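The values are calculated or read from the model by the stated rules, or taken from the named source; none is laboratory data. Everything numeric in this text was worked out from a predicted model, so none of it was measured. Note that we place each Cβ from the backbone using ideal geometry, even for glycine, and neighbour counts take in every protein chain shown.
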Amino acid sequence: MKRLSPLVVGNWKMNGLRADLIELASIAEAAKDTPMVGVAICPPFTLIAEAAANTPGLPIGAQDCDTRVSGAHTGNVSAPMIADAGGQLVIVGHSERRAEQGESNTLVRAKAEAGLSAGLLVIVCVGETEAERDAGRAEAVVEEQLAGSLPDDGADRLVVAYEPVWAIGTGRTPTNEDIAAMHAAIRAHLEGRYGAEGGAVPILYGGSVKPSNANEILALPHVNGALVGGASLKVADFGPIIAAAAASA
Ligand code: PGA
């Protein structure tokens with residue numbers, strides 16, 4: 001998929017049966033009204049092929065990939081398999097995987113490299129825990145994650161998502177000032193690392209984005225879109241978020 005900015009990506013997590021694919025047609029329809037906004041949905045692996053075939057106008061992606069192309073790795077899914085199923089992007093380093101599967105920065109970086117090698121757009125997630133923010137270490141933690149998780153090459157196919165762990169699925173969000181400060185710090189890191197290409201890497205905010213807060217969050221400087229969990233499951237919620245991204249463009 002073309003890397004547009006703003007970009008709004010839905011992360012369905014471990015939600016969605018084939019019957020839920022019906023939502024995708026409406027999401028594709030909503031996205032059609034706002035061609036300047038990139039819109040994509042990352043359903044579970046099981047739905048990628050059918051989703052991609054059913055809604056060719058809506059880029060479909062995965063929520064994880066293995067670092068390797070193929071082999072004896074029971075239960076894992078490789079980036080070329082995602083591409084073969086019609087997937088166009090992959091999320092790596094989501095905090096739920098970092099926490100539940102113990103994924104390290106080094107592993108996340110290898111996954112990002114695998115995604116890029118397979119021709120996918122790669123969204124690398126970073127974000128601090130509540131304890132880290134309370135300790136005044138939020139920016140240091142995110143800086144360390146960026147330094148360790150981002151690949152050295154392929155910045156033109158990269159997207160970064162800042163998702164404070166304590167804001168995911170909780171209904172709580174940082175203040176606008178805190179979001180803006182973190183996104184500015186991430187932008188500085190990207191420019192330091194990749195030069196002018198780093199200035200063009202979209203930085204998404206994620207964590208309890210919903211229709212009622214999308215307008216103000218998406219209008220903040222260096223917020224180039226959103227990674228949306230719960231509110232991406234239904235077009236009634238996701239549609240207004242796409243519209244908010246369009247208004248910020
Ligand atoms: P949420 O999840 O929108 O449900 O908070 C965001 C994410 O984890 O990507």
Quiz prompt | Out of S95, S117, S104, S70, sole residue that is free of Cβ contacts under 8 Å to residues at least 24 places away in the same chain and either touching a strand residue (DSSP E or B) at 6+ places or on another chain (Cβ under 7 Å) or farther than 23 Å from L21 by Cα (or both) | solution = S70
Quiz item: Just wondering, is there one or more residues in region 92-110 that are surrounded by 23 or more Cβ atoms within 10 Å (Cβ to Cβ) and more than 16 Å from the ligand (Cβ to nearest atom)?
Solution: no
Exercise. Assess whether A214 counts as being more than 16 Å from the ligand (Cβ to nearest atom) and among the aliphatic types (A, V, I, L, M).
Key: no
Self-check item: Count of residues meeting criterion [more than 28 Å from S248 (Cα to Cα), more than 18 Å from the chain's Cα centre (by Cα) and part of a loop (DSSP other than H, G, I, E, B)] in region 17-46
Solution: 1
Exercise. Considering (1) away from the ligand (no atom under 16 Å from the Cβ); (2) in contact with a strand residue (DSSP E or B) (Cβ under 9 Å, 6 or more places away or on another chain), say which one I168 fails and leave the rest.
Key: (1)
Practice problem: Quick one: count up the residues across region 122-152 that are surrounded by 24 or more Cβ atoms within 10 Å (Cβ to Cβ) and of a type in the set (S, T, Y). | Solution: 1
Exercise. Name every residue in region 54-67 that is without any contact (Cβ under 8 Å) to a residue 40 or more places away in the chain and of a type in the set (S, T, Y), in order of residue number.
Key: T55
Quiz item: R98 fails exactly one of the following numbered conditions: (1) outside any loop (DSSP other than H, G, I, E, B); (2) closer than 21 Å to L7 by Cβ. What is the number of that condition?
Solution: (2)
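How do the helices (runs of 4 or more DSSP H) wholly within region 153-229 filter down when requiring 1 or more residues that are touching a residue at least 40 places away in the same chain (Cβ under 8 Å) and surrounded by 23 or more Cβ atoms within 10 Å (Cβ to Cβ): which remain?
Fully inside region 153-229 and qualifying: 176-194, 211-218.
If the requirement is being more than 13 Å from the chain's Cα centre (by Cα), outside any loop (DSSP other than H, G, I, E, B), surrounded by fewer than 19 Cβ atoms within 10 Å (Cβ to Cβ) and modelled with pLDDT of 95 or more, which of these qualifies: A72, A49? I'd like the intermediate steps shown before the answer.
On the way: A72 fails: outside any loop (DSSP other than H, G, I, E, B).
Every option except A49 fails the conditions.
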